[in-house]
Amino acid sequence: MRVLLIYPEYPDTFWSYKYAVGFIDKKAAYPPLGLLTVAAMLPAEWEKKVLDLNVEQLDDDQLRWADYVFLSAMAVQRESTKEVIERCQELEVKVVAGGPLFTTEGEEVGEVECLVLDEAEVTLPFFLEDLHKGALKKVYTSAEKPVLTGTPVPAWDLINMDHYVAMSIQYSRGCPFDCEFCDITFLLGRKPRLKARDQFLEELDALYLNGWRGTVFIVDDNFIGNKAVLKQDVLPAVIEWMENRKHPFRFLTEASINLSDDEELLEMMQKAGFKEVFVGIETPDEESLKECHKYHNAQRNLVDSVKKIHNHGIQVSGGFIVGFDNDPSSIFDAQINFIQQSGIVTAMVGLLNAIKGSKLYDRLQRENRLLTEISDSNTDFTLNFVPKMDYNELMEGYKKIVTTIYNPASFNKRVMAFFQEFKPFKRRLTSNELNLRYLKALFKASFYLGVLEKGRLSYWSLLLKTLFKYPRFLPEAVTFAVYGFHFRKVFALYGKNDDSEAWGDC
């Protein structure tokens, strides 16, 4: 059996980092972890190839080679997914599809041979058994939430790691919180399911032995969903593992804001090599937090919570939303002020959209407020529901936020505010390879952003201020400058206002 596992292309979005990865000679931010894990679950005797359309193109010969195409996608990859299915149909190649997009939308995306939905640990074995019998069903689905102790190490040998900025691994699935706009509890449940400590270390070993050095993204939707096990079992082992290997990795992950409440956990994550955590801040407005069931963010000083995480050498990247029913007209200035005061450099501000599978989608459907299919890029100036706020006011306010916070002057101020609070455990550039990468990035950034771009004065201003006040953070300053360039390009693209001075110089 010959199987081609295809990962569809991402559009230009905030998180694609399309305009940033080239500065360090990479092609994409992260590898297709789900497909690599599925590949490891398939029979060893099968011939398997992984094709990530974010790093290489698909040609007809590759499709003709395959007995089956396995396709996995998230909602944001919908358009590329449709194109792949159409090409397979033209060449009469059978498609087996799964992943979040197909779990929530089924064959609305395109007609396929089989849908293997939900979690592969449960549904894939039934598919393989029926395939062996020659009696395939159309859909394989299950509400069971499997333990993760049997999940194999991803098949890293099927990709070229050099194409990617970071590698990805998973420690847990599920989130104890149940935010109205989120579909995680629908897909993965509220009770966090964990991999065993030794299993997690085995995955770190696999990356290390395959030669990876650098950033590792722990893709959990809430890494700290079970704090007790982390503190008592997993993090002490990771700290020891990292020390024995002279800190080859820098971890980033996602967590809830209550991370800031646990001093011991912060210190352990810092020692383990965590450099960044994505936190869903959403909004500084208390009523909107209650509306979306984000109670763990309410009744606290969110700016102080962010700064406490920064004080432990862990950068907070934040998610923000406007468009809640309870948002007042002042929400746009409030979001700007919060982001600037908190020093969250990577601030993803999006318009609220209703995702299928979320409680928000169900509520808006009952209220007859749903409009169109969601685009799944909540930074593209689209809504899929009727907001309570006047539509034009919402769009103008949203545009004001993103043009303000990613204007080079505002962006640079935020970088300086972050450096003022940031207290890393130790320098994280521990090899000649990483130092060479940053030197190359510095050269490229200085040429493109410091010479060719209109915003070159802002670029040199950021670097000079960093050299005078925080010289050890020069690599971070270069990285942020590149990120800022990418973010401005993306927002200008979707705002259809590329030449506007309000966007800053792209």
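Coordinate-derived values only; no laboratory data. Since this is a predicted model, take the numbers as computed values, not measurements. Note that each Cβ is placed from the backbone with ideal geometry, even for glycine, and that neighbours are counted across all protein chains shown.
Worth a mention:
- Residues whose placed amide H lies under 5 Å from that of Ile169, excluding near-sequence neighbours: Phe217, Ile218, Val219
- Translational diffusion of the chain, µm² s⁻¹ [Kirkwood Rh, Cα pairs; Stokes-Einstein; 20 °C; 1.002 mPa s]: 90 µm²/s
- Full extension of the segment from Glu83 to Asn210, taken as 0.36 nm per residue of separation minus the current Cα-Cα distance, would add 42.4 nm.
- Between the stretch 318-394 and the stretch 250-279, the alpha-carbon center distance in angstrom: 27 Å
- Reachable lysines, given that their alpha-carbon falls under 29 Å from the alpha-carbon of Lys94 and they are not under 8 places away in the same chain: Lys27, Lys48, Lys49, Lys82, Lys133, Lys137, Lys138, Lys145, Lys356
- A straight Cα-to-Cα reach below 26 Å connects Lys246 with the lysines Lys26, Lys195, Lys227, Lys231, Lys271, Lys275, Lys423, Lys426, Lys440, residues fewer than 8 places away in its own chain not being considered.
- Working note: Karplus 6.51/-1.76/1.60 with θ = phi - 60° gives the stretch 46-62 the couplings 6, 7, 10, 10, 10, 10, 9, 5, 7, 10, 8, 8, 9, 10, 5, 4, 5 Hz, where Gly and Pro are set to x.
- All C-alpha to C-alpha distances of the stretch 33-91, sorted into 10 Å bins beginning at zero, yield P(r) values of 18, 56, 26, 1 percent in whole numbers.
- In nm, spacing of pseudo-spin labels at Asp233 and Phe447 (7 Å Cα→C-beta vector): 5.1 nm
- Rounded to the nearest 500, the 222 nm mean residue ellipticity of the chain from helices alone is -12500 deg cm²/dmol, with -39,500 (n - 2.57) taken per DSSP H run of at least 4 residues.
- Just so you know, the Rg over Rh for the stretch 2-140 is 0.96, from Cα atoms, with Rh as the Kirkwood radius.
- Evaluated over the stretch 165-405, the Cα radius of gyration and Dmax, each in Å: 18.9, 58
- DSSP assigns beta bridges within the chain; of those with both partners inside it, close to 5 percent run antiparallel.
- Remark: the Lys400-Ala298 segment gains 34.2 nm on full extension, using 0.36 nm per residue and subtracting the alpha carbon distance.
- Entry note, the chain: relative contact order of 13 percent, from Cα contacts under 8 Å with a spacing of 6+ residues.
- Contour minus Cα-Cα distance for Asp178 and Asp390 (0.36 nm per residue): 73.5 nm
- DSSP-loop chymotrypsin sites (Phe, Trp or Tyr not before Pro) across the stretch 215-262, with at most 12 other Cβ within 10 angstrom: none
- With coordinates expressed along the principal axes, the C-alpha atoms belonging to the stretch 60-116 extend over 30, 20, 14 Å, beginning with the largest.
- Exposed-site-free run, longest, the chain (rule: GluC sites (Glu not before Pro); DSSP loop; at most 13 other C-beta within 10 Å): 145-366
- Placing a label point 7 Å from the Cα of Lys27 along the Cα-to-Cβ line, the residues of the stretch 150-186 whose backbone N sits under 11 Å from it are 159-164.
- FRET E, pair Met41, Lys469, Förster distance 41 Å, beta-carbon r, rounded to 0.05: 0.20
- Residues in the stretch 95-129 that a label on Thr149 would reach, taking backbone N under 17 Å of a point 7 Å out along Cα→Cβ: 121-122
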